[in-house]
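Step one of this worksheet: look at the structure below.
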Amino acid sequence: MAGCACEDNQIDADRFDGRSPAYKRALIAVIAINAAMFLVEMSAGYLGSSQALKADALDFAGDTATYALSLAVIGAALRTRATAALIKGASLGLMALFVLTTTVASAFSDASPVAPMMSGIGFAALAANVASVFILLRWRDGDSNVRSVWLCSRNDAIGNVAVIAAGAAVWGTGSFWPDLIVAALLASLFARSACSIIAQSMKERRASLNFAEGRV
């Protein structure tokens, strides 16, 4: 979590807060995409013995839940939206810890991932996430609640490229290490984004408290 300053966390009370019918429709579409891909990718992860696919599937699951939370708090007070983002950041951090732990455990297993399945499912997930990224592109610079949605979608697209690369590396080397390395890198990406989301949401919570107490 050392990269807390890696993203722009500037507070702006006028930032987009999600109160737009178009944004809500976009968010509902992205929630449906993520829920479907979680089921597909987790099943493939178990069938193909791939930690990278399981890690990416968990990201889909987390995104589905947190996007639903984002949708639920649209229009609420800044403090409520910032608290929702804080919860999402914390859950992303826990996911990073879980993925890292299971990846280390898998290093002592003899199970070898199925490379063609890794790459094939990786391409399907990439297509889903690129679609989500383009759907949300207009709203990437909103408040912490809105911005956390964008960061999660961006992470998914990056993760899918990494899974595809890992599948090719597993196929080319015959080793399970590329799969484990990519899973660990995804865990670090989750942790970095969690740090960014938490930092911005904490600033927004402080700003809302200062405003309520008449200090700004």
One computes Rg over Rh for the chain from alpha-carbon atoms, with the Kirkwood Rh, and obtains 1.02
Kindly express, to the nearest 10 degrees and within the range 0 to 90, the angle between helix 21-47's C-alpha long axis and the longest C-alpha principal axis of the chain.
20
Residue list for segment 168-196, given a label point 7 angstrom along the Cα-to-Cβ vector of LEU94 and an amide N cut-off under 19 Å
187-196
Return the lysines within reach of LYS24: Cα separation strictly under 22 angstrom, same-chain partners fewer than 8 residues apart disregarded; answer none if there are no such residues.
LYS88
Of PRO178, PRO116, PRO21, which has the largest mean-square fluctuation in a 10 Å C-alpha GNM of the chain?
PRO21
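Rounded to the nearest 0.05, what FRET efficiency is calculated for ALA127 and ASN210 with R0 set to 45 Å and r the Cβ-Cβ distance?
Values: r = 44 Å, r/R0 = 0.98.
According to the calculation, E is roughly 0.55.
Just so you know, all these numbers are worked out from the coordinates, no wet-lab data involved. A quick note: this is a predicted structure, and the numbers were derived from the prediction, not measured. Cβ coordinates were reconstructed from backbone atoms using ideal geometry, including for glycine residues, and neighbour counts include every protein chain displayed.
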